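Student: Shown below is the structure under consideration.
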Amino acid sequence: MRPSVPLPPFAEGLVRDGRAWWEARALREQVLLLCLATILVLAAAIGGFVKPLQAVRAEARADIRLYDSLAVRLRAAGPELRTQSTRAAASGTVQTIASTTAGELALPIRQIEQRGAVTNVTLSAVDFTLLMRWFDRLDKEAGITVTSARIERQTLPGVVNARLSLVRR
């Protein structure tokens, strides 16, 4: 039986020598060598594929357990964290509170300035819904109200520019 792909001359010599060596072995030796080759292939497969996969799987399970325990701890501490952040928000200046809460909602403040008790804020190209959430959050968490607002619609739907005056109640 000739291979369908021609082998280089040195490989033909190796195959010929290997075949002669194999045929010189007794049937019992051939069976033992085939069993040994099977064991070696299985060991290589286990060592090269199965063991690394098991290690990665164990690491992933450990990560999942860690994240689950963190999630449980965060859920348990949630009300306490909200209370602390509300107290911290209520204790700062209007300018600080406005900047911090706007940043948390990803509202870009273009300009903010303090004039006595009034804080003037200018926002450009912001989502109207986020702006309304920000107003609500300022009122509920920090007792800051909007005394005057000039909101201008932009060409994109739901996008506005706003000039506001904020005071603490």
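The values are calculated or read from the model by the stated rules, or taken from the named source; none is laboratory data. Everything numeric in this text was worked out from a predicted model, so none of it was measured. Positions of Cβ are generated from backbone atoms using ideal geometry, with glycine treated the same way; all protein chains shown enter the neighbour counts. Just the protein is used for accessible areas: all its heavy atoms, side chains included, with ligands, DNA and RNA removed. Shrake-Rupley method; radii C 1.70, N 1.55, O 1.52, S 1.80 Å.
Student: Within the stretch 77-95, does at least one residue satisfy the condition of being open to solvent by 40 Å² or more (accessible area, probe 1.4 Å), under 23 Å from LEU156 (Cβ atoms) and at pLDDT 85 or above?
Tutor: Checking the stretch 77-95: not a single residue is open to solvent by 40 Å² or more (accessible area, probe 1.4 Å), under 23 Å from LEU156 (Cβ atoms) and at pLDDT 85 or above.
Student: Follow-up. Count, please, the residues in the stretch 105-128 that happen to be surrounded by 11 or more Cβ atoms within 10 Å (Cβ to Cβ) and free of Cβ contacts under 8 Å to residues at least 40 places away in the same chain.
Tutor: Of the residues in the stretch 105-128, 11 are surrounded by 11 or more Cβ atoms within 10 Å (Cβ to Cβ) and free of Cβ contacts under 8 Å to residues at least 40 places away in the same chain.
Student: Residues being farther than 15 Å from ALA162 by Cβ and in contact with a helix residue (DSSP H, G or I) (Cβ under 9 Å, 6 or more places away or on another chain): count how many of those fall in the stretch 114-136.
Tutor: 3
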